[in-house]
Amino acid sequence: HCDIPVEPQKAEQIVAHIMQQYAGRHIGVLAPLVKARKGYYTDLAKWAGARGHSHLRVDGEFIAVSPWPRLDRYKEHTIELPVADLIVDARHERELRAAVSQALEHGQGTLSILIDLTEEAATLEERRAQGVSPKASVQQFSAKRACPGCGLSFPEPDPRMFSYNSKHGWCTSCYGTGQKLAGFDAAQTGEENSWNAGYEGVEEACPSCHGARLNPVSLAVRWRDRSIAGLACLPVTEACSFFTGLVLRGREGEIARDILSEIRGRLDFMLKVGLGYLALDRAAPTLSGGEAQRIRLAAQLGSNLQGVCYVLDEPTIGLHPRDNRILLDALALLEGNGNTLVVVEHDEDTIRRASHVIDMGPGAGVRGGTVVAEGTVQQLMEHPESLTGHYLREPLQHPLRPRREIAADTPLIEVHGARLHNLRNASARIPVGRISVVTGVSGSGKSTLAREVLLDNLSRAVSERAAPAWSGCQRITGWEAIERVLEVDQTPIGKTPRSCPATYVGFWDDVRKLFASTRDARLRGWTASRFSFNTGQGRCPICEGQGMRTLEMSFLPDIKVPCDACEGQRFNRDTLNVTWRDLSAGDVLAMEVDDAIGYFAAHARILRPLQLMQDVGLGYLTLGQPSPTLSGGEAQRIKLVTELAKARLDEGITRGGRASRLPHTLYVLDEPTVGLSIADVEKLIHVLHRLVDAGNTVVVIEHNLDIIAEADWIVDLGPEGGSEGGQIVAQGAPEHLMEVRAQSHTGAALHAFMKETRS
């Protein structure tokens, strides 16, 4: 508060301060013996008793030293020795001086006083008879650390003071999250399971620490004119420059020698895996999966271990082709240290850099699980049964179809003056009825522009059919042509096993009607509701239509097993006795999509979505596959199928080329190629084209060059990530980006990619 360096304080200064500030008040003088440490402290109680002390103050309560209670061993305790209590006035100054001296001796240079120890009374004896007042407050003093301006003393610095994961350091308003905890009761413990509920979904900075996460005392400690929060908010690149440029001599140099070497090394490893744009205090929930994985990779690079087998699952997720090469060089360093790397990956550059490739297949799901080919990349390309080898040998020739023209009269959605996170007055154009791809290096602001500015604003505008108060930008124009806004992400399509592709896509309703039309069902008076496994009397009463049961295992995670009653078929025995074309409803759910296409060949309403699922590479899924067992990529493609099924393209195009039943939808997809093989990426490309052919607009955030090469329009952000990004580098057709490749990392990567695939 005074902005004056804390300095040592003499005992006489402490006495003078107490005499001046607390004249006429009853105080207790305490010597701190234990500060927030775990244990029983029985020996300490015996020590105090042997010196004539009857009580110790434990965690704010006065406790007799004999008999000494059994303290909670696993709880942190603060224990103080009561030295004296007195009325502050000139008559007791000598007694106060003696108490302060004794307290400083036992407290190793620190002491505490209890102010207003008792309520007012005529004599000191009458005050003592009342007991300790609940209004008593504590003031600390230190012979080593005190403010020369106001006399306020501070505790001895402790590493825990600078950790927002510790109660000794965290801001007491936000418990170290840096966020305003909406609807959060400050009287909870501060443990993670207590404040998580208040943290989720909240983006407003804590009003007490302003997002710094630490308490005022911790933030007041400065080194080189910076608090620890001031250093932690730096991006990796700036932090690296700061610590590299430090010149320390004398005592500082001796203390920091090994520490600086460690810090510089770890920052350098973060640069090597392409994370230079990340702020050191970036909250973990805001990191992408790829960023989190690369942080763990940087930690391993810094360990300098040898003889370790590292297993990495798609480490290139979220990486621009430029950053991809940086990551591969980092992996080569790990390998060069004498380690073994096993990488699960679809990325072509990673596959080509591998010493040995194992190609799994031949199909997906139940049709996979075997080693199709293994060896060098060249051996894979020569193997006739390897699908991966085929695409490496014969890359996709882009564009797969002629690009849609962006003429002068093509309607545009325009974002004006976007300023959110690292976006710096970015203005972007999105052609209506086209595929637009938002690109840029990691951290350049792609998701902020496409999701937080475009998607969030247009979702409100379309629902209200009026321009809202624009968030994160000056305004958005041209949105009136959009009738619906939808983000197609990789989140699960359902949380329970009852959710499955057949119900999510919607054709199970038509299947139920077929079973209800059978002779056996009509004789029993059953309607289509009988063949629902979500509700009604037709489902198995034991598993309630889930087809499986959860068994609780003592001291082990719960396990799921097929239901004994229905054998996993979801329906009760009476319902399963009704068949259509020799199969029960449970049998149909167990069918794979590829087999179901022939089975329902005469029923167009069911056949069409099944064919779409086959078109997007999901022919191996069963109709009743539980949603929790689907991968993110499978869930996303099922959502796309649901949208295509609504378009009803096969029933004719009306209204100036628009599909007859589907409103003009703006689809936003964030890296849909995550988890997809090269073959599946080709299928995804065709799906995106079909959505646009239906008269819709598609915006894709993507690093995959196969997707970028198929765009009608590209918005390239950068030029770098973090504070050096957030600008529109270029926008236009892929050919335009290749022309300005000197300024655009995406243009340079796309130029090399197209040149290689066409050679």
State the Kirkwood hydrodynamic radius of the chain in Å, one decimal place, computed from all pairs of distinct Cα atoms.
-> 31.8 Å
Residue 160 to residue 305: extension gain in nm, 0.36 nm per residue of separation minus the Cα-Cα distance?
-> 49.4 nm
Could you order 527, 518 by accessible surface area, starting with the largest, using a probe radius of 1.4 Å?
-> 527, 518
Take every DSSP beta bridge whose two residues both sit in region 221-376, then give the antiparallel share in percent to the nearest 5.
-> 60 percent
Which percent of the accessible heavy-atom area of region 501-606 goes to carbon and sulfur, probe 1.4 angstrom?
-> 48 percent
Give me the accessible area of residue 27, 1.4 Å probe, in Å² rounded to the nearest 10.
-> 0 Å²
Candidates per GluC sites (Glu not before Pro) in region 337-428, loop by DSSP, up to 11 other Cβ within 10 Å | 385, 405
For region 301-368, Kirkwood radius (reciprocal of mean inverse C-alpha pair distance, Å) | 13.2 Å
Over region 403-497, what is the mean sequence separation of C-alpha contacts under 8 Å (at least six apart), divided by residue count, expressed as relative contact order in percent?
-> 30 percent
Taking a ≥ b ≥ c as the square roots of the eigenvalues of the Cα gyration tensor of region 34-164, is the shape rounded (a/c under 1.5), prolate (a/b larger than b/c) or oblate?
-> oblate
Per-residue accessible area for residue 613 at 1.4 Å probe radius, Å² rounded to 10?
-> 0 Å²
Structure shown: which of 135/167; 639/683; 272/755; 75/135 lie over 18 Å apart, alpha-carbon to alpha-carbon?
-> 135/167; 272/755; 75/135
If you take the Cα Rg of region 280-324 and divide it by 2.2 N^0.38 Å, with N the number of residues, what do you get?
-> 1.27
Just how far, in whole angstrom, is region 326-388 from region 446-512 if you go by their alpha carbon centroids?
-> 36 Å
Under the rule that a partner needs its Cβ under 4.7 Å from the first Cβ, which Cys of the chain have none?
-> 2, 147, 150, 233, 240, 309, 473, 500
Helix 321-336 sits off the longest principal axis of the Cα atoms of the chain, rounded to the nearest 10 on a 0 to 90 degree scale, by 70 degrees
At most 13 other Cβ within 10 Å, DSSP loop - trypsin sites (Lys or Arg not before Pro), region 1-98 | 10, 51, 70, 73, 75
Could you list log10 I(q)/I(0) for region 344-406 at q = 0.13, 0.18, 0.26 Å⁻¹, which the Debye formula gives when each Cα is one point scatterer?
-> -0.41, -0.67, -1.12
Under the classification rounded if a/c is under 1.5, otherwise prolate if a/b is larger than b/c and oblate if not, where does region 540-603 fall, given a ≥ b ≥ c as square roots of the Cα gyration tensor eigenvalues?
-> oblate
Under a point spin-label approximation (7 Å from Cα along Cα-to-Cβ), what is the residue 256-residue 370 distance to one decimal in nm?
-> 6.3 nm
Mean 1/r over all different Cα pairs, inverted: what Kirkwood radius does region 401-545 give, in Å?
-> 19.4 Å
Ordered by packing density, taken as the mean number of other Cβ atoms within 10 Å over each peptide's residues, highest first, how do 109-115, 131-137 rank?
-> 109-115, 131-137
Pull out a ≥ b ≥ c, the square roots of the eigenvalues of the alpha-carbon gyration tensor of region 193-323, then state rounded if a/c is under 1.5, prolate if not and a/b is larger than b/c, and oblate in the remaining case.
-> oblate
Spelling it out for residue 427: with amide H atoms placed in the peptide plane at 1.01 Å from N, the residues 5 or more places away or on another chain with amide H under 5 Å from its amide H are 417, 418, 728
Using the alpha-carbon atoms, what tilt in degrees (0 to 90, nearest 10) does helix 93-106 show relative to the longest principal axis of the chain?
-> 50 degrees
Low-density loop trypsin sites (Lys or Arg not before Pro), region 206-301, at most 12 other Cβ within 10 Å, DSSP non-H/G/I/E/B, are 222, 224, 249
Acute angle (nearest 10 degrees) that the helix 11-21 long axis makes with the longest principal axis of the chain, alpha-carbon atoms = 80 degrees
Evaluate the distance, in nm, between pseudo-label points positioned 7 Å from the Cα of residue 340 and of residue 73 along their respective Cα→Cβ axes.
-> 4.2 nm
Where does each of 566, 2 land when they are ordered by accessible area, with a 1.4 Å probe and the largest first?
-> 2, 566
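The values are calculated or read from the model by the stated rules, or taken from the named source; none is laboratory data. Remember, it's a predicted structure, so these values are computed and weren't measured experimentally. As a convention, Cβ positions derive from the backbone with ideal geometry for all residues, glycine included, and neighbour counts pool all protein chains shown. We work out accessible area using only protein heavy atoms, side chains counted, and drop any ligands, DNA or RNA first. Shrake-Rupley method; radii C 1.70, N 1.55, O 1.52, S 1.80 Å.
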